[in-house]
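Heads up, the thing below is written out as structure tokens.
The values are calculated or read from the model by the stated rules, or taken from the named source; none is laboratory data. Keep in mind that this is a model prediction, so the values were computed, not measured. Reconstructed Cβ throughout: ideal geometry from the backbone, glycine too, with neighbour counts over all protein chains shown.
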């Protein structure tokens, strides 16, 4: 019987380096974990591999938003009616879950020891690494980083994986996204 193929921390680190990630990079990750294949030790190992590549001077970031899905309750005035307000938990950066629409990666990163989260419920990010305090400290001051930018339009460099995801680099001015193989 042939053993199934599993990605290891080392194999993923090498793949991330092939995509162009380097020590000191700040990388915003939006990943469909199922598209990465079988990961030995799951999403935590992927975070470890990212950390191995960007090193102590780098930063890993994920868009968390907030899983306070109450939009359908909003009245015509854009407010939650009084009868529902007591049932909706307030946003708490330390305990409010990441929105499920973005997959499992943001929640794994958010709950990682040492992770920081910004205080804006509708545009929160989680980060670990050298610049995590800078990114999450003042949400209004950092919001410009995320406004209107998709992975293919990210400021700085970008590298595209075979599944279409881009790994953004802050120090590479404008290489095109490309398929890697």
Please tell me if residue 23 is part of a loop (DSSP other than H, G, I, E, B) and at pLDDT 90 or above. yes
Of the listed residues (109, 12, 19, 50), the one being farther than 21 Å from residue 135 by Cβ, in contact with a strand residue (DSSP E or B) (Cβ under 6 Å, 6 or more places away or on another chain) and surrounded by 19 or more Cβ atoms within 10 Å (Cβ to Cβ) is 19
Selected residue [buried (at least 22 other Cβ atoms within 10 Å of the Cβ) and on the phi < 0 side of the Ramachandran plot] from 123, 127, 115: 127
Here is a list of conditions, (1) modelled with pLDDT under 95; (2) not in a helix (DSSP H, G or I), and residue 72 meets all of them except one; can you say which number that is? (2)
Subset tally (residues that are over 13 Å from the mean Cα position of the chain (by Cα) and in a loop (DSSP other than H, G, I, E, B)) for segment 26-53: 4
Of the residues 92, 77, 133, which single one is farther than 27 Å from residue 7 by Cα, in a helix (DSSP H, G or I) and free of Cβ contacts under 8 Å to residues at least 24 places away in the same chain? 133
Inside segment 64-84, can you point out the residues that are surrounded by fewer than 12 Cβ atoms within 10 Å (Cβ to Cβ), farther than 30 Å from residue 128 by Cα and within 30 Å of the chain's Cα centre (by Cα)? 72, 78, 79
Scanning segment 55-69 residue by residue, those in contact (Cβ under 8 Å) with a residue 40 or more places away in the chain and in a loop (DSSP other than H, G, I, E, B) turn out to be 56, 57, 58, 64, 65, 66, 68
Candidate set: segment 22-38, residues that are in contact with a strand residue (DSSP E or B) (Cβ under 8 Å, 6 or more places away or on another chain) and under 19 Å from residue 104 (Cα atoms); chosen: the one surrounded by the fewest Cβ atoms within 10 Å (Cβ to Cβ): 38
